Structure formats: structure tokens, C-alpha cells
Amino acid sequence: MDCLFCQVHKLVIEERNDYFYAIRDKFPVTKLHTLLIPFRHIDSYFDLDKKEIDAFNELLLSQRKSLLTQDSSISGFNVGFNAGEDSGQTVMHCHIHLIPRRKGDMDNPEGGVRGVIPIKQKYLKPN
């Protein structure tokens with residue numbers, strides 16, 4: 001299989017459980033940007049079963065704690081995934097981003113994940 005995330009033996013795994021593993025993103029948005037990936041090849045978070053969702057949540061909380069221990073400058077997180085090409089997904093194997101944030105890493109972070117469509121990131125009040 002040509003899937004990058006199915007070639008687990010080629011990846012540097014930070015942590016794992018029975019259903020998921022964590023690696024650092026090769027194109028990080030911020031320092032320690034981490035990907036949480038199911039071992040099972042599926043396209044999207046929406047395809048996960050209950051056991052996988054529970055395992056994801058367990059690893060998410062564990063990685064959050066680990067990142068906070070490694071870097072005391074982390075003051076927030078963005079967690080998200082792209083589901084489908086039109087959302088920006090480029091690797092068609094489910095993966096969830098855990099992106100550490102730090103005070104001042106951008107001028108005005110208000111709107112957070114709304115920034116996937118930059119013009120919509122700021123809350124514009126109707127006239």
C-alpha cells in the first residue's frame with residue numbers, strides 16, 4: 001500500500017495505544033505539532049468506531065499532558081481534522097492535528113479554527 005500513514009515501520013512514533021499512534025507533523029504549523037493516527041486505514045474521523053474514538057481521546061489527553069510537560073510556553077491548543085479533499089485533506093488516511101499554541105504566536109488568534117477560511121476567521125458584526 002502506498003499510504004504514508006500505513007507504513008508505520010517508517011515513522012518515528014511518539015506514543016501509541018492499541019488503536020492509535022502519535023507522530024510529529026513533518027510540516028508543523030507550530031513547534032511540537034502532532035498527528036494522531038489510527039492504525040486502521042480509514043479516510044476520516046467519521047469512520048472511526050467507538051473503541052477507536054475512545055482510544056483517540058485517551059491518546060489526545062496523554063499527548064496534551066506530554067506536550068505541556070515538554071514545553072512550558074504552550075498556553076493553548078487547536079485540535080482538528082480535514083475530512084475530504086474539499087476540506088483540504090491531502091493524505092486520505094484519517095489523522096487528527098494537535099497543534100500547540102503559544103501567547104503571541106500570531107497577532108490576533110480570535111476565531112481559531114474558523115481561520116480555515118481566512119475571511120471568516122474574525123467575527124463580523126452585521127450592519
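Brief remarks follow.
- Scanning region 39-56 turns up one or more residues that are among the acidic types (Asp, Glu), out of contact with any Leu (no Cβ under 7 Å at 6 or more places or on another chain) and farther than 23 Å from Ser87 by Cβ.
- Of everything in region 106-127 that is open to solvent by less than 70 Å² (accessible area, probe 1.4 Å) and out of contact with any helix residue (DSSP H, G or I) (no Cβ under 8 Å at 6 or more places or on another chain), the residue that is modelled with the highest pLDDT is Pro109.
- Ile37 being at pLDDT 95 or above, under 20 Å from Asp105 (Cβ atoms) and open to solvent by less than 40 Å² (accessible area, probe 1.4 Å): no
- Region 1-32 - residue that is among the aromatic types (Phe, Trp, Tyr) and either assigned to a helix (DSSP H, G or I) or in contact with a helix residue (DSSP H, G or I) (Cβ under 8 Å, 6 or more places away or on another chain) (or both) and, of those, farthest from Ala55 (Cα to Cα): Phe5
- Subset of region 73-89 (residues that are assigned to a helix (DSSP H, G or I) and either surrounded by 13 or more Cβ atoms within 10 Å (Cβ to Cβ) or among the aliphatic types (A, V, I, L, M) (or both)): none
- As a summary of the residue check, Phe46 satisfies the conditions (1) open to solvent by less than 70 Å² (accessible area, probe 1.4 Å); (2) over 11 Å from the mean Cα position of the chain (by Cα) except for the one numbered (1).
The values are calculated or read from the model by the stated rules, or taken from the named source; none is laboratory data. Source: prediction; values computed, not measured. Note that we place each Cβ from the backbone using ideal geometry, even for glycine, and neighbour counts take in every protein chain shown. Each accessible area value is taken on the protein alone, full model and side chains, heavy atoms only, with ligands, DNA and RNA left out. Shrake-Rupley method; radii C 1.70, N 1.55, O 1.52, S 1.80 Å.
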